[in-house]
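Here is the structure we will look at, set down as structure tokens.
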Amino acid sequence: MDNQNVERDIKATLKKNWKLFKQSRLGITGLTIVIFFGFLAILQPILFLTNIWDEATYHPVVGYDAEQVARTVVECPDQYPTREYQTKEDCPKVDEVNIRYLKAFNIQVEVGDIYESNVQPAPPSSRHLLGTDSLGRDIFSQIMEGSQVAFLLGLISAIIGVGISTLLGTAAAFYGGKLDTYLMRQSDLVLMLPTLPFLFIISAFAELKVWHLAIVLGTLGGLGGSVITIKSQALQVKVKPFVDSARITGGSKRRIMFSHILPNVAPLALLYMVFSVTGAIASESVLSFLGLLNIDMSWGIMIYLSQTEGFIFTGLKYWWLIVPAGLAVTLLAGGFYLVGRGLDDVFNPRLRRR
Amino acid sequence: MLIYTIKRFFEMVIVFFLFLVISYLLFNAIPGNAFSSLLLNPLLPPEAYQKTIEAFGLDKPLYERVQLYIINFFKGDFGYSYTYYPRTPIDLIAERLPRTLMLFSIVNVIAFYTGFLVGKILAWRRGSKSETWITIGSVFSYTVFYPWFALMMLWFFGYKMDWFPLGKFLVPEKWYDSPYTSDEIFYTLIIFVTVSSFLLFLIFIFTRNIESLQNRRNVRFLGLISLFALAATYWTNGEAALKRFYAADIAYHMILPTFTVTLVAFAGTALLTRTTMMEVLKDDYILTARAKGLSQKRIRDRHAARTALLPVVTSFIFTIITIIDGSVLTESIFSWPGMGQLILEAVVQEDIPLAMASFSFIGILALIAHFIADVSYAFLDPRIRIKSEN
């Protein structure tokens, strides 16, 4: 009987909150983006399992597909600009091949012929939606793998971080005294740690995998500034009358803390969790962009590769190597941020429009 | 207030010692001998080897090494850098630190000011179309993957448009027969920027109390023009006229990084200002001000924005820590030879003494910033001030 009541209550609150959340357009946009990337992350294993995608071709790390592309043979001029080509980088175009290059391999062709060859990186086609990279690997599959990594890392680190900071923050508010002082100084120490150099040093002596990084980021986030915020929220709850009445009716300290104070801090903790996902995704991408992470594939590594292989300054000619990965990081991090903003509207009644 | 400051100061000192110990233990935890790459470096003579062993007490037990490290930190003695052999880590840091601080303090001031303006307007126009678009823009620049964005900027403005140089600190060809070293010129630049921003600040402070908005704008405009005239006379007379050519070279290299980081950094302040401002606008005294019949602009700038400024100012001071953090990326992308690049290089090449020294210095900088933020918050927020006095 009692259980049913509680269930109905929870359902009603969720329904009400969902209604509030729906009103914020930014929040809904964010949720759509997050769901889209979640769908991408789940889609890849399904495609492999149902054999729609062949692993040998589409695997994000070891897959290989040489695309046969018919290209027109042209001769690049010595002087620029000409009518067709503005600068040296424009010739040959994506669907053209330079005759001098073919002559160097003793291939006899004439200008204007069609020459079929393997192209890497291959431009987007119906077979490879976003083309392939310079090793013939499918970019779309890499994006999917990257979103798996991002979700895994973001969620693990957020859960660890919020778990730690909620427990410590509530404990600091509830017990006060020496524990409080100690925890506050500890979060000072963590706050002043310069995160990136710290992660560099850790990566210098540990082979960082995704879940290692998730634990490190989660712990750092959990011990840092969020403890202070959650403590201040818990302090506000602690002086409410229902805590006093719970104490008078003989509730033990632990019971008061876990069943009366924690549920009231939870919304703020959820908010922190969503925001910290943004930070975690960005840090992972930064570390793999600098080549300090020991993982096979992620969005950061895709950008790292396109930079080290020199495609980044070719501008829009090889856009499928540069734009999708960068946009994916930006969009997913932004999506989580927007969801956080939407939740902020729900849990922060003062900001509501009415 | 004084007691609060002193208490915080002592706590900070304790935290700092903890930080030193932890950072030593962190380096000590590197598997194998952290200093082993020393043995493999043929550039290092035996004296340097001996010196490093003595400076870090490598033949002593752990607790003595920690003690020695803390003592050496205050002496500023970190042995030699492996990669830049005759130079010491302190020497290198003294060279690199001003460059980082200069670049990022300019960025921060600009970003803070524009961010505050944008945030103010965002909150004021809540619900309008322009608010949605500016918010989307700010969220994009707040969450954009920074290295990617910086590379795109570098490609577009540096390579495609060829307006700005592709990174680096200066063009070496221009400096072959230069009578000055780049550091001398750079210090002149630093002094110039500090003095002129101080004067600018003074102008704003003194015109703050002019009641009429029209008059205030005119006086500020006059002040700005005279400041420009002053700067122009400084650079055309005396020794500065000779330095002008080289200073312009360095300043030219600073434009693109400054612009890029500002675009990314202003959004955080804008979004924060929007939130605090919106909370303030719900308050009763804004309604009172409206009822009094004050102009909209006056309510926005004088009544609401003043109160909303408080959390934004503290977040501004906190960004000193993120300056150092963000500098690593910016500097490695724009090849700006500052602290961030130094520490990345040191970690990648396992130049342990240099890495330790720069990590500890970054820590102490962050600590000072944190201390200032704390005290100024207490000073600015009357609730904390009164609580600590009782």
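The values are calculated or read from the model by the stated rules, or taken from the named source; none is laboratory data. Predicted, not measured: the structure shown is a model, and the values here were computed from it. When we count neighbours, we look across all protein chains shown, and the Cβ atoms used for this are built from the backbone with ideal geometry, even at glycine.
Observations, loosely collected:
- Flag if A:LEU287 is more than 11 Å from chain B (Cβ to nearest Cβ), of a type outside the set (Phe, Trp, Tyr), farther than 19 Å from A:PHE37 by Cβ and buried (at least 22 other Cβ atoms within 10 Å of the Cβ): no
- Selection status of B:SER178, of a type in the set (Ser, Thr, Tyr), farther than 30 Å from A:LYS88 by Cα, surrounded by fewer than 12 Cβ atoms within 10 Å (Cβ to Cβ) and modelled with pLDDT under 85: no
- Residue check for B:ILE191: in a loop (DSSP other than H, G, I, E, B) and surrounded by fewer than 15 Cβ atoms within 10 Å (Cβ to Cβ): no
- Candidate set: segment B:71-89, residues that are modelled with pLDDT of 85 or more and crowded, with 16+ Cβ neighbours inside 10 Å; chosen: the one nearest to B:VAL347 (Cα to Cα): B:PRO89
Matching residues to (1) in contact with a Cys (Cβ under 8 Å, 6 or more places away or on another chain); (2) within 12 Å of chain B (Cβ to nearest Cβ); (3) outside any loop (DSSP other than H, G, I, E, B):
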| residue | (1), (2), (3) |
| --- | --- |
| A:ILE201 | no, yes, yes |
| A:LEU208 | no, no, no |
| A:PRO267 | no, no, yes |
| A:LEU293 | no, no, no |
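- Here the helices (runs of 4 or more DSSP H) wholly within segment B:259-361 that include at least 3 residues being crowded, with 18+ Cβ neighbours inside 10 Å and at the interface with chain A (Cβ under 9 Å from one of its Cβ atoms) are B:305-334, B:339-348.
- The condition (being within 14 Å of another protein chain (Cβ to nearest Cβ) and within 23 Å of the chain's Cα centre (by Cα)) is satisfied by just one residue among A:GLY218, A:GLY225: A:GLY225.
- Flag for A:SER285 being within 30 Å of A:GLU89 (Cβ to Cβ) and among the polar types (S, T, N, Q): yes
- Single residue of segment A:173-192 satisfying the filter (touching a Leu at 6+ places or on another chain (Cβ under 7 Å) and either closer than 15 Å to B:ASP325 by Cα or of a type outside the set (A, V, I, L, M) (or both)) that is nearest to the other protein chains (Cβ to nearest Cβ): A:MET192
- Residue within segment A:51-62 that is of a type in the set (S, T, N, Q), loosely packed, with under 15 Cβ neighbours inside 10 Å and at positive phi present: yes
- Being outside any helix (DSSP H, G or I) and modelled with pLDDT under 80 holds for only one residue in A:VAL69, A:VAL62, and it is A:VAL69.
- For segment B:236-266, a residue qualifies if it is free of Cβ contacts under 8 Å to residues at least 12 places away in the same chain and at negative phi, and the qualifying residues are B:THR236, B:ASN237, B:GLU239, B:ALA241, B:ARG244, B:ALA248.
- Top-ranked residue of segment A:84-138 - restricted to ones that are part of a loop (DSSP other than H, G, I, E, B) and touching a Lys or Arg at 6+ places or on another chain (Cβ under 7 Å), ranked as modelled with the lowest pLDDT: A:VAL94
- In segment A:241-257, the residues that are free of Cβ contacts under 8 Å to residues at least 24 places away in the same chain and part of a helix (DSSP H, G or I): A:PRO241, A:PHE242, A:VAL243, A:ASP244, A:SER245, A:ALA246, A:ARG247, A:ILE248, A:ARG254, A:ARG255
- Filtered residues of segment A:312-328 (kept if touching a residue at least 40 places away in the same chain (Cβ under 8 Å), out of contact with any Asp or Glu (no Cβ under 9 Å at 6 or more places or on another chain) and either of a type outside the set (Gly, Ala, Ser) or closer than 30 Å to A:CYS91 by Cβ (or both)): A:TYR318, A:PRO324, A:ALA325
- Filtered by the rule that a residue be of a type outside the set (A, V, I, L, M) and under 19 Å from B:ASP325 (Cα atoms), segment B:252-276 gives B:PRO257, B:THR258, B:PHE259, B:THR260, B:THR262, B:PHE266, B:GLY268, B:THR269.
- Hits in segment A:110-124 - residues which are aliphatic (A, V, I, L, M) and within 28 Å of A:LEU321 (Cα to Cα): A:ILE114, A:VAL119, A:ALA122
- Subset of segment B:259-299 [under 23 Å from B:PRO147 (Cβ atoms) and touching a Leu at 6+ places or on another chain (Cβ under 7 Å)]: B:ALA270
- Candidates B:TRP124, B:TRP148, B:TRP133 - the one that is surrounded by 15 or more Cβ atoms within 10 Å (Cβ to Cβ), within 14 Å of chain A (Cβ to nearest Cβ) and not β-branched (Val, Ile, Thr): B:TRP148
- Failed item, numbered, when A:PHE151 is tested on (1) more than 14 Å from every other protein chain (Cβ to nearest Cβ); (2) touching a Gly at 6+ places or on another chain (Cβ under 6 Å): (2)
- Residues satisfying the criterion are present in segment A:297-312 (criterion: assigned to a helix (DSSP H, G or I), assigned by TED's automatic domain parsing to the domain that holds A:LEU26 and modelled with pLDDT under 80).
- Pair list, Cβ under 8 Å, 6 or more apart: segment B:206-232 residue farther than 18 Å from B:PHE192 by Cβ, other residue small (Gly, Ala, Ser): B:THR207/B:GLY223
- Scanning segment A:121-159 for residues that are farther than 21 Å from A:GLY300 by Cβ, among the polar types (S, T, N, Q) and buried (at least 16 other Cβ atoms within 10 Å of the Cβ) turns up nothing.
- Whenever a residue of segment A:171-189 is under 15 Å from B:ARG8 (Cα atoms) and in the same structural domain as A:ILE256 (by TED's automatic domain parsing), its partners that are not aliphatic (A, V, I, L, M) and not in a helix (DSSP H, G or I), lying with C-beta atoms within less than 8 angstrom and at least six residues away or across chains, give the pairs A:SER187/A:GLY224.
- Any hit, segment B:7-15, residues being closer than 20 Å to A:ALA204 by Cα, under 25 Å from the mean Cα position of the chain (by Cα) and surrounded by 17 or more Cβ atoms within 10 Å (Cβ to Cβ): no
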